[in-house]
Amino acid sequence: MSDQGSKSVNGAGLQRLTLIRIALRLLWRDWRGGELKLLLFAMIMAVTSVSGIALFTDRLERALLQESANMLAADRVLSGRTQPPREWLQEAESRGLQTAEFVAFASMVFSDQGNMLVSAKAVSDAYPLRGELQVADRPFGPPYVSDQGGPEPGEVWVESRILPALGAEVGDSIYLGDAEFVVSRVLVQEPDRQQGGMMENAGPRLLMHLEDVPATNIIQPGSRLTYRYLFAGDQAALETFADWLQSQPENGFRLSDVRDESQEVAEALGRAESFLMLGSLFAVLLAGIAIALTARRYSERHFDYAAILKTIGCTAGQISAIYFVILAALLVLAVVLGSVLGWLVHEAILMALASVIPIQLPEASFLPYTIGAATALICLFAFALPPLLALKHISPLRVLRKDLDDSHLSTRLPYALGLAGALVLILWYSQDLLISAILVAAVAGVAVTLGLLSLLLLRSGSAVGMRAGSASMLAMSAVRRRRRQSVLQVLVFSLTIMSLLTLALLRTDLIRDWQAQLPENTPNHFMMNITESQVDGMEAFLAQRDIATNAFYPMMTAGLVSVNGEPPRNPWDDDDDEGQQNLTERSGQLNEMSPQDGQSADAQSEGEEGERERVINRQVTYTDSLPPDNQIVAGEWWSGADIAGQVSVEDDYASRLGVSLGDELVFRVGEDEVTVTVTSMRSVRWDNMQPNFFFIFSPGTLDYLGATYLSTLLLEGEEKLQLNELLRQFPTIVVLEVDALIEQIQTIIAQVSSAIELIAVLVLLSGALVLLACVNATLDERFRENAILRTLGAGRRLILNALLLEFAFIGLLAGLIATIGAELSLYYLQTQVFGQDFRLHYWVWFAGPLAGTIIIAALGVNATRRVVNTSPLAVLRQLTV
Amino acid sequence: MTAILEARHLAKQVSTSEGQLVILKDINLSIEPAETVAIVGASGSGKSTLLGLMAGLDTASSGDMLLDGDNLSAMNEDERAIIRGQSVGFVFQSFQLLPSLTALENVMLPIELKNDSDARGKAARLLQRVGLESRLHHYPNQLSGGEQQRVAIARAFASEARILFADEPTGNLDTATGAKVIDLLFSLNAEFSTTLVLVTHDDRLAARCKRVIRLVAGDITEDSRHE
Ligand SMILES: Nc1ncnc2c1ncn2[C@@H]1O[C@H](COP(=O)(O)OP(=O)(O)OP(=O)(O)O)[C@@H](O)[C@H]1O
Ligand SMILES: [Mg+2]
């Protein structure tokens, strides 16, 4: 006997090849059976959707980052009021970074016929490091991309409207300080036009060479200047350089990237990233479910195979080896085909988006393919391997006793492993505990709700309106008979529908929000420093020219001195965010000609903290009507007479300050102190690029102190020429142009919206596959059952109706649970991750269950029609073989 | 001659929801090489169970089952699998062919598992021997019941087993087809001089065996030899 044992051990090496051959033959031959096709299809779908989404996201993310880097003309920008040490540029270059620099200042330009205040920007040769300069050969002429950096020494490029104001043309000479320059081109757009402080953007732009600055003699000790060093290069080098800068003792300078510079863009990018990630998470989850379902069915189909193989002498190890080889072959096939398909899908997405993403996309890295392959691998190990490896435990006795119940083999362990696998995937993907937690909670919530509902519904006695022999009775008894399976089906359907609903609703809400944020005709110019006596004249001027404008808001700096007699709390204590850098605050600084640039008013007084009490300076206004996009969230907006002495505070800022309704606040305005009561809290859209205020006072409270006014204009295309006229008539006002910025943001949002749309469709496809797999999973049993029913005399109609009802019921249940799950996860996703307001989607409560009913019924009946149309004998014969 | 199969105080019981169910009690028997044995008895008397124990598909609750001198009861499932692969062939009532493999590939399987390089040739010859040379590349569901059973018989002899077990090999076949299959089984059996143990309800089939063992409620009540 013992020699037999050792013989088989010696034969093991030789046998490996035989086993692989047998496995591959089984795999090849099994192709005729639908199970394997579905399993392979599910795996390919997993790889395709994951690698497709990852590829697309990878490239889009780089493109968006690049696009937004354009808004800085660099990847990182160091800015300061004085010139940063020049060695820092050399240090950056020695680290392989590209560098450029410029200095910006406001100055008058002269010609023989006129003069004008411009914001000059003197740039080095390498400027811009990112993005491009658009120029034209005559004012308002067709723009083209400059083939060089900025102007040559001795030349300047100016924005169109400077030329008519000076009565000059391209080729003429103009004067800046002590130097003379030739206007060689018209500047149409510079990538970082909107960045930086107000000093850089106070007037139309004049671009000159850095070398020419000394000759102008404009820069004197005490001049108000902005220095910027620009850096570009690869991420790692940028980061180590940033660390090195941190370690430098001298640090009045600020290094920032685009996310620091533009809250609006940062938010859009952040949300898009979260959405894309969520999309791929759902895709993985759905693919995982599909793989689990199909693998399970495949392995059930192979119970008999395993038993037969055992009777003819296969050991458990050999059976495991055979199925391991089958899985490995499937994996290779799925990864190869899926990666190719994923690449095609992402190319298709890009093609579909070509009109919205005109920018050249950077090549994708290899990472997305790795992610796709790794997903297939994890899915396989978590979802497919356990049921297949369980085959080795099949008793060979099965060949003698068909009734042997081996179903226990494919339960607990695979579920546990599948769950663990899903968790690993979700965490690995998102690298985000919050999103993972929300997703896991949503899945758990669906499972619990389902548990409760199935207890209630599936176990209840016969429902109302059922006659014996009726289709509804047959359907209900089928649901109950297969209770475990029915519950599993409802679970899978609910998870699928929930994923789709969540993604679809989130997509709709995000896009709606974005459109609301910057609708068409958003005013794109801020007018500031308007005196009270100018307001009427300006209104008339604008009305005459049919220029859309908004209300004129009085604006002044007010310092919060105390809250209920105590000094105010530092509102930004708990994070390093310097506070809302909204346009109003920035323009306010300009308004009062604050020397501090690019920093919030809060930071100003903090710097002097210690020597002085803390005063929190803010730009404030007063008005009797609530500004658009503001919403009262607590208290009441003032109305009627005698309303002086009240203040309305922005909600989030109030909680940072620890201010609540009814509190007494004391403000210092100029020399005076005013005491006001908080009577309302407002929510404010900070990202709408419109005048927004932390504090709004009731009329009559501050009026006597005098103020300057702020308003907005919408000027498009050549309408911008009107600015010259406006500035000529009202020379003291300051106009801040944000049209380019708004356009850039709108472009990014349009790109991101389309991307989101497509991801939603992709996930929808994986969802459809899961539904199909799930319906197919119970086909065998249905075949047998219905064949028996029909041999017992049930008519085709009755059985078809019963099937329809059964699936409709399951679909209704799944739709309902999915709706609950989707709303719950949306609540957390929108409030915690996407920074949106959550609103119930009422129509979904009808549409969700309805769609579930119709889709599942249609899919189910379509898949099982074969059941009814095949002759019972054929079915019974086939199944006993 | 030493016995090729020997059961000593073999017993099988299973626990069910209604308590212990005794299927076989104290079976003692010994079967010589090349013997042909029919196990008969009423439905539920334990025939299939006994066959399963003798073939090493299942383990006894107590007692020993010796196959060619090896004690199956003392082995684990993998060791029994190796024994099955080397010494045992099966024919079942429901054929038990792998539906996704062709007739030829089904017969090749046991030969390949023995690492025989000529699996294809041997399998083809066996199929020719059972009269299916024209059906080599057909799948089981393209074959009639009788043809499938002939494939199963070819497979059973493919491993050059010394003992052949058959559980109601004609149970799914009509009388005429059943008779042909039986003829084939016995002629191959004589050709390869294997031991044949079969379970049957068919008296004519039982009559063709040299020895008949009757089971009643898990007990051997009759063990008769005839020429
Ligand atoms: N694992 C088991 N669990 C429960 N009962 C079993 C088990 N195995 C066998 N039995 C029962 O033991 C009895 C004998 O079964 P067995 O299959 O050996 O009968 P049989 O003689 O082959 O009958 P048939 O002629 O109908 O095939 C039956 O009543 C069967 O239900
Ligand atoms: Mg039996």
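Working note: Karplus 6.51/-1.76/1.60 with θ = phi - 60° gives segment A:752-757 the couplings 5, 4, 5, 4, 4, 3 Hz, where Gly and Pro are set to x.
If you place +1 on the Cβ of every Lys and Arg, -1 on the Cβ of every Asp and Glu, and leave all else neutral, what size is the dipole of segment A:76-256 about its Cα centre, to the nearest 20 Debye?
Numbers: 14 positive and 25 negative charges, 131 e Å.
So the dipole magnitude of segment A:76-256 works out to roughly 620 debye.
Each residue of segment B:197-210 was assigned a 3J(HN,Hα) from its phi angle through the Karplus curve 6.51 cos²θ - 1.76 cosθ + 1.60 (θ = phi - 60°); the sequence is 10, 10, 9, 7, 9, 8, 4, 5, 5, 4, 5, 6, 8, 6 Hz, with glycine and proline shown as x. Extending 7 Å from the Cα toward the beta-carbon at both residue A:132 and residue A:91 defines two label points whose distance is 3.4 nm.
The distance between label points at residue A:433 and residue A:37 comes to 4.7 nm (points 7 Å beyond Cα on the Cα→Cβ vector). Placing a pseudo-label 7 Å from each Cα along the Cα-to-Cβ vector at residue A:797 and residue B:62 gives an inter-label distance of 6.4 nm. The mean sequence distance of close C-alpha pairs (under 8 Å, at least 6 residues apart), as a share of the length of chain B, puts its relative contact order at 27 percent. Pairwise Cα separations in segment A:676-745 fall into 10 Å bins from 0 onward with the following percentages, short to long: 13, 35, 31, 18, 2.
When A:157, A:31 are arranged by Cβ crowding within 10 Å, least crowded first, meaning fewest neighbours, the order is A:31, A:157. Ranking of A:655, A:247, A:146 by neighbouring Cβ atoms within 10 Å, starting from the fewest: A:247, A:655, A:146.
With the Cα gyration tensor of segment A:53-120 giving a ≥ b ≥ c as the square roots of its eigenvalues, does the rule (a/c under 1.5 for rounded; else a/b larger than b/c for prolate; else oblate) give rounded, prolate or oblate? Note, shape of segment A:53-120 comes out oblate. Scanning residues 5 or more positions from residue A:634 or on other chains, those with amide H under 5 Å from its amide H are A:681, with H placed 1.01 Å from N in the peptide plane. Want the number for residue A:570 to residue A:639: 0.36 nm per residue separation, take away the alpha-carbon distance, what's left? Fully extending the segment from residue A:570 to residue A:639 adds 21.7 nm.
Its convex hull of Cα atoms gives segment A:76-256 a direction-averaged projected area, equal to a quarter of the hull surface, of 10.1 nm².
Name the residue from B:21, B:96, B:221 whose Cα lies farthest towards the positive end of the charge dipole of chain B, charges +1 on Cβ of Lys and Arg and -1 on Cβ of Asp and Glu. Of B:21, B:96, B:221, it is B:96.
Work out, step by step, the length gained on full extension between residue A:113 and residue A:236: first 0.36 nm times the residue separation, then minus their alpha carbon distance; give nm to one decimal. Write out the running numbers ahead of the final one.
Values: separation 123, 0.36 × 123 = 44.28 nm, distance 5.24 nm.
The span from residue A:113 to residue A:236 would gain 39.0 nm if fully extended.
Highest mean packing comes first when the peptides A:305-317, B:191-203 are listed by Cβ atoms within 10 Å, giving A:305-317, B:191-203.
Round to a whole angstrom and tell me the spacing of the C-alpha centers of segment B:152-172 and segment A:493-562. For segment B:152-172 versus segment A:493-562, the Cα centre distance is 85 Å.
Among rounded, prolate and oblate, which fits segment B:138-227 when a ≥ b ≥ c are the square roots of the eigenvalues of its C-alpha gyration tensor, a/c under 1.5 means rounded, and a/b larger than b/c means prolate? Write out the running numbers ahead of the final one.
Numbers: a/c = 2.01, a/b = 1.50, b/c = 1.33.
Note, shape of segment B:138-227 comes out prolate.
Hey, got a sec? Which trypsin sites (Lys or Arg not before Pro) in segment A:56-101 land in a DSSP loop and have at most 11 other Cβ atoms within 10 Å?
Numbers: sites: A:59, A:62, A:76, A:81, A:86, A:95; in loops: A:81, A:86, A:95.
Passing sites in segment A:56-101 are A:86.
Here the Karplus relation 6.51 cos²θ - 1.76 cosθ + 1.60, evaluated at θ = phi - 60°, turns the backbone of segment A:653-660 into coupling constants of 5, 4, 6, 5, 7, x, 9, 10 Hz, with x for every Gly and Pro. Reported to the nearest whole Å, the Cα centre-to-centre distance from segment A:709-746 to segment B:25-95 is 97. Label segment A:619-706 by shape, choosing from rounded, prolate and oblate, from the square roots a ≥ b ≥ c of the eigenvalues of the Cα gyration tensor; if a/c is under 1.5 it is rounded, and otherwise prolate applies when a/b is larger than b/c, oblate when it is not. In terms of gyration-tensor shape, rounded. The radius of gyration of the Cα set in chain B, together with its Dmax, comes out at 17.3, 52 angstrom. Residues within the reach of a label modelled at residue A:21 (point 7 angstrom out along Cα to beta-carbon, backbone nitrogen below 15 Å), restricted to segment B:76-108, are B:104-108.
When a footprinting reagent is the concern and you count Cβ atoms within 10 Å, what order do A:393, B:226, A:841 take, fewest first?
Details: A:393 14, B:226 8, A:841 18.
Lowest to highest Cβ neighbour count: B:226, A:393, A:841.
Can you give the angle from 0 to 90° between the axis of helix B:103-113 and the longest principal axis of chain B, with both taken from C-alpha atoms, to the nearest 10? Its long axis makes an angle of about 60 degrees.
Largest GNM mean-square fluctuation across B:190, B:166, B:123, computed for chain B with C-alpha springs under 10 Å, falls on B:190. Once backbone amide H atoms are built at 1.01 Å from N, residue A:646 has A:677, A:698 as its partners under 5 Å, excluding neighbours fewer than 5 places away on the same chain.
What length, rounded to one decimal in nm, is gained on full extension from residue A:732 through to residue A:66, with 0.36 nm per residue of separation minus their alpha-carbon distance?
Value of the extension gain: 236.0 nm.
Put simply, the amide H of residue A:432, placed in the peptide plane, has no neighbours under 5 Å, leaving out anything fewer than 5 places away on its chain.
Throughout, read-outs are computed from the coordinates displayed, never taken from laboratory work. Keep in mind that what you see is a predicted model, and the values were worked out from it rather than measured. Note that each Cβ is placed from the backbone with ideal geometry, even for glycine, and that neighbours are counted across all protein chains shown.
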